[in-house]
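The values are calculated or read from the model by the stated rules, or taken from the named source; none is laboratory data. Computed from a prediction, not measured in an experiment: that's the story for all the values here. Counting neighbours? That spans all protein chains shown, and the Cβs are built from the backbone with ideal geometry, glycine included.
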Amino acid sequence: MAEGLVHRPVLLHEAVQALALAPDACCIDATFGRGGHSAAILARLGPRGRLVALDRDPEAVAWGRERLGGDERLQIIQGAFGRLADTARELEIEGKVNAVLFDLGVSSPQLDDADRGFSFQRAGPLDMRMDPTAGPSAADWLAEAPEAEIARVLWEYGEERHARRIARAIVAERARAPLDTTDRLAALVARVVPGRRGGKHPATRTFQAIRIHVNRELDELKAGLEGALRVLAPGGRMVVISFHSLEDRMVKRFFREHARGERPPRGIPVRDAELQPGPLRLVGRAVRPGGDEVAVNPRARSAVMRVAEKRA
């Protein structure tokens, strides 16, 4: 485990405020990370409060148990938040949860640890798995995936307009030697993609897309949002902090669809007053970090926070 790596929780004050916690609340931090949000939640809870924290990363779980394990109100569980509903059922808190927080993306310790392979800025093994013990690594996938599949992943998850060109170069390069380190992949993309867009490294979108694919992040998010809706008690709140457009669009669409409720087929005349609202109520508008936070933590610049409350 890499030591001394600092993680600054994004929108910490805003997120905890939005959860609207009572002292005896039952909460789920679906993305424990390095415990910043969890610690702030625990500071708001009284002795009868409860916090269940989830994380796929065994290093994050070990770190949290070592530093926060003495708090009897906290239970840290290794697992993906796509299993949030199953976890709540096993703990017998389904329908009793007052707050669920998702802080999506990769934590600073994961990005800064070269051995995890998330960042093109540090040479290391091309891994990218949130849980290094589960499933194929990024290098494993790139070694076997057909060119068309690689191009599709880069386009769909990275919105990379040079997806086909990069995929073709990856297939040609792996025929010569395994593409198994972050610096080799980053250098390959830099050779293929002309120039920098918006000051970003040419490999930014490629690394994002591969990471999302390897960890099935959008599938997990969909399952996590549905699970959170099921486990929330009436009046309970769901707060989601996302870091790129694909995540935010999914969250925004999920909240909107479940706030509107079912709509009749086109052509059937129904007055708005006769329509039943959905199980969620939108709370406020999207929140973004202020200039002061971005200045201290540049990784916060793309964050968007959305909040919804479960109707009675």
- Message: I'm trying to understand the selection: among the residues of segment 1-50, which are of a type in the set (D, E, K, R) and modelled with pLDDT under 95?
- Response: E3, R8, R34
- Query: Do we have A123 as modelled with pLDDT of 95 or more and over 30 Å from A53 (Cβ atoms) here?
  - Reply: no
- Query: Here are G105, G64, G46: which of them is farther than 17 Å from K222 by Cα and in a loop (DSSP other than H, G, I, E, B)?
  - Reply: G46
- Task: Kindly indicate which of R216, R205 is under 24 Å from the mean Cα position of the chain (by Cα), under 27 Å from S302 (Cα atoms) and surrounded by fewer than 17 Cβ atoms within 10 Å (Cβ to Cβ).
- Result: R216
- Message: Against the definition (modelled with pLDDT of 95 or more, part of a helix (DSSP H, G or I) and in contact with a strand residue (DSSP E or B) (Cβ under 9 Å, 6 or more places away or on another chain)), how does L54 come out, yes or no?
- Response: no
- Among P47, P58, the single one that is in contact (Cβ under 8 Å) with a residue 60 or more places away in the chain and either outside the structural domain of D292 (by TED's automatic domain parsing) or out of contact with any Lys or Arg (no Cβ under 7 Å at 6 or more places or on another chain) (or both) is P58
- Sole exception among (1) among the hydrophobic types (A, V, I, L, M, F, W, C); (2) part of a loop (DSSP other than H, G, I, E, B); (3) at pLDDT 95 or above for I268, by number: (3)
- Message: Where the second residue is among the hydrophobic types (A, V, I, L, M, F, W, C) and not in a loop (DSSP other than H, G, I, E, B) and the first is free of Cβ contacts under 8 Å to residues at least 24 places away in the same chain and lies in segment 65-77, which pairs have Cβ atoms under 7 Å and are six or more apart or on separate chains?
- Response: R65/I76
- If you check A167 against the conditions, is it in contact with a helix residue (DSSP H, G or I) (Cβ under 6 Å, 6 or more places away or on another chain), modelled with pLDDT of 90 or more and crowded, with 17+ Cβ neighbours inside 10 Å? yes
- Query: Looking at segment 213-233, is at least one residue outside any helix (DSSP H, G or I), in contact (Cβ under 8 Å) with a residue 24 or more places away in the chain and over 25 Å from E94 (Cα atoms)?
  - Reply: yes
